[in-house]
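A.B. asks: The structure follows.
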Amino acid sequence: KLHSDLDKGVGTVKYTLSGDGAGTVFTIDETTGDIHAIRSLDREEKPFYTLRAQAVDVDTKKPLEPESEFIIKVQDINDNEPRFLDGPYVASVPEMSPVGAYVLQVKATDADDPTYGNSARVVYSILQGQPYFSIDPKTGVIRTALPNMDREVKEQYQVLIQAKDMGGQLGGLAGTTTVNITLTDVNDNPPRFPKSIFHLKVPESSHVGSAIGRIRAVDPDFGKNAEIEYNIVPGDGGNLFDITTDENTQEGVIKLKKPLDFETKKAYTFKVEASNLHLDHRFHSVGPFKDTATVKINVLDMDEPPVFSKPIYTMEVYEDTPVGTIIGAVTAQDLDAGSSSVRYFIDWKNDVDSYFTIDATEGTIATHELLDRESTAQYNFSIIASKVSNPLLTSKVNVIINVLDVNEFPPEISVPYETSVCENAKPGQVIQIITAADKDLSPAGQRFSFKLSSEASNKPNFTVHDYRNNTAGIETRRNGYSRRQQELYFLPIVIEDSSYPVQSSTNTLTIRVCRCDSDGTIQSCNVEAIFLPVGLSTGALIAILLCIVILLVIVVLYVALRRQKKKDTLMTSKEDIRDNVIHYDDEGGGEEDTQAFDIGALRNPKVIEDNKIRRDIKPDTLRFPRHRPPAEDNTDIRDFINQRLKENDADPSAPPYDSLATYAYEGNGSVAESLSSIDSLTTEADQDYDYLSDWGPRFKILADMFGEESYNPDKVT
């Protein structure tokens, strides 16, 4: 209520209200000054309001007093229950924890005024979860209330927590939340086999390393606390087997470590121990965290392939062993109860295997071809053994045959030596060290000996000094050598080996005499250098040789050009070329060969252009150009042709029948008379063609051709 001292109660004063909540939350009676709340108040929403009031004259509207400020405070009542803002809760605690082990702390919030009364004082209690857990009423800390809670008995717990205000008194408001508590595992249980004996049946044909059975020990723990390690206790048969742990199932996987044989042993018994990998020292007093069980394995009989007596066979044979010689044998047996016979054969893979044969029944190996150690020093092949009762059951073994060497090759000089000796060499000077090689496989300690042949030992030029370490030195025996007298020496050296039978060979060593300086450095070994003037340098000698080569090239080119010029002049002459000899490397094909070659080049070019008919075969119809009949006094031409025809028919080296040699008469009236060989002298005496140069420029070419050299019947081929 507001009241001014100037208010006389006659209605001349008016009260106004302004500020926080004026007109919305609070209102004022303008006449009396009473302030009223026009709606419900919530302290948790707004705990106080600040207002301003003023008294105003009704008539003049002027303030009668200064504006005054006042605060309206909302008084709290217990209208809010405690709330768990973080609930529901999830917590865990190890199993077997002692009483009072900390689990979790919960916290409830009350929106009421904690400074006024007990509206905000909260007290915690457990509505559900006893007697396993307890809670501190003031702090809300949850702890274990029972000892040795076992996860394997019960793992999950749900605890209901209540928070109540007013200090837990009657009439207080309360809120609840749920806490889910899980007992975590500890290794408090040892592994246990569900039974004391495990029986397994294993075929004897099981492969080494294969799994033959599984056993399992039970551990109620969880995670790494349930991890189990299996071990075979040393004892009967344990060395043939091994056991590992399957990480997914924690089972013990028994594997075969060695082959089984039903005929040797039919059953095995051993013990397996299961133990935890991760132990907890707090539970050592409970007892050993391991268990033991017995495993009995019965071996099942299977039809097995034959077994060789050795995993690999090695044999030796000399390379000169006759074909069919037995060099060794392999043996395989059927170890099954009903023993079966065995057959042997070679596993053919390549041609090398054909060098040997094997007896199918006895297993003896013999040579099938002659052996050569220098070609192949070792043979490696496989032999297969199969059971007669079941040929599909086979086994294989490798056989290695080493070919032993027989001394059949003589030793020889290992490399071709280029040996030289100085002209100024002194007696006893070593000019070459030689070594020897033998194609045979030299056994340890084999030695080579060197000596001169009997015919060379008497010559006073060189000698051989055997160093007895498979090398020898070539030494000079005289003072100085002359290239002019003898440039090359051929020294026969006899080399023998130490094997049986002794093999030897004579090797010729070529020794060249060279010119050397005073220090023994070779300066020249060429034959040409002997005849060159002393004192010329190497450059001068090279220059002289180059000049000689250039002169020879010029002479060859000049002669070639002259020959080419004469050939061109002859072929371009306007005279008839029918008497020129054309050489061609072509062979006739017989009577039916009409297209092998064309001898039109033997004919007059003008006639070739006019008549294209081939003259090396007989055409069906020949139309010859009209010529003037030969004169009656040309019988010498006819006789000449007939004579040559008879000579060629009787000559076996004459050209084929379809080759045509053309002869023709050039006619009468020539100023120079006939130049044909038909009218020439029939004798082979020397002829003088110097008169051709007197016939003028038209016969200059012939004069040059026949005037260069005289006729020599000895040169005629």
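A.B. asks: Taking the stated definitions as given, is L64 within 30 Å of T115 (Cα to Cα) and not acidic (D, E)?
C.D. replies: Values: within 30 Å of T115 (Cα to Cα): no; not acidic (D, E): yes.
In short, no.
A.B. asks: I would also like to ask the following. Looking for something over 55 Å from the mean Cα position of the chain (by Cα) and modelled with pLDDT under 85 - is there at least one such residue anywhere in segment 413-424?
C.D. replies: Looking through segment 413-424, none of the residues is over 55 Å from the mean Cα position of the chain (by Cα) and modelled with pLDDT under 85.
A.B. asks: Kindly evaluate N424 against the criterion of being open to solvent by less than 30 Å² (accessible area, probe 1.4 Å), among the polar types (S, T, N, Q) and not in a strand (DSSP E or B).
C.D. replies: no
A.B. asks: Now a separate question. Can you name the number of the only condition in (1) at pLDDT below 85; (2) open to solvent by less than 70 Å² (accessible area, probe 1.4 Å); (3) hydrophobic (A, V, I, L, M, F, W, C) that V299 fails?
C.D. replies: All conditions pass for V299, except number (1).
A.B. asks: Scan segment 402-440 for residues that are closer than 26 Å to T376 by Cβ and among the hydroxyl-bearing types (S, T, Y) and jot them down.
C.D. replies: Within segment 402-440, S414 is the sole residue that qualifies.
A.B. asks: Out of the residues in segment 332-360 meeting the condition of being out of contact with any strand residue (DSSP E or B) (no Cβ under 7 Å at 6 or more places or on another chain) and hydroxyl-bearing (S, T, Y), tell me which one is nearest to D405 (Cα to Cα).
C.D. replies: S354
A.B. asks: Let me ask another. Out of the residues in segment 139-172 meeting the condition of being in contact with a strand residue (DSSP E or B) (Cβ under 7 Å, 6 or more places away or on another chain) and part of a loop (DSSP other than H, G, I, E, B), tell me which one is nearest to I215 (Cα to Cα).
C.D. replies: Out of the qualifying residues, it is R151.
A.B. asks: Can you tell me which residues in segment 84-113 are among the charged types (D, E, K, R) and surrounded by 19 or more Cβ atoms within 10 Å (Cβ to Cβ)?
C.D. replies: Of everything in segment 84-113, those that are among the charged types (D, E, K, R) and surrounded by 19 or more Cβ atoms within 10 Å (Cβ to Cβ) turn out to be E95, D110, D112.
A.B. asks: Here's something else I'd like to know. Which ones in segment 449-462 are assigned to a loop (DSSP other than H, G, I, E, B) and either open to solvent by 20 Å² or more (accessible area, probe 1.4 Å) or not assigned by the TED database to the domain that holds T510 (or both)?
C.D. replies: Listed by number, the residues that qualify are S454, E455, S457, N458, K459, P460, N461.
A.B. asks: Go through (1) open to solvent by 50 Å² or more (accessible area, probe 1.4 Å); (2) touching a residue at least 24 places away in the same chain (Cβ under 8 Å) for S339 and report which single condition fails.
C.D. replies: (2)
A.B. asks: Criterion first (surrounded by fewer than 19 Cβ atoms within 10 Å (Cβ to Cβ), under 24 Å from H465 (Cα atoms) and acidic (D, E)) does E374 satisfy it?
C.D. replies: Working: surrounded by fewer than 19 Cβ atoms within 10 Å (Cβ to Cβ): yes; under 24 Å from H465 (Cα atoms): no; acidic (D, E): yes.
In short, no.
The values are calculated or read from the model by the stated rules, or taken from the named source; none is laboratory data. In this text, all values refer to a predicted model and were calculated from it rather than measured experimentally. We place every Cβ from the backbone using ideal geometry, glycine too, and count neighbours over all the protein chains shown. Each accessible area value is taken on the protein alone, full model and side chains, heavy atoms only, with ligands, DNA and RNA left out. Shrake-Rupley method; radii C 1.70, N 1.55, O 1.52, S 1.80 Å.
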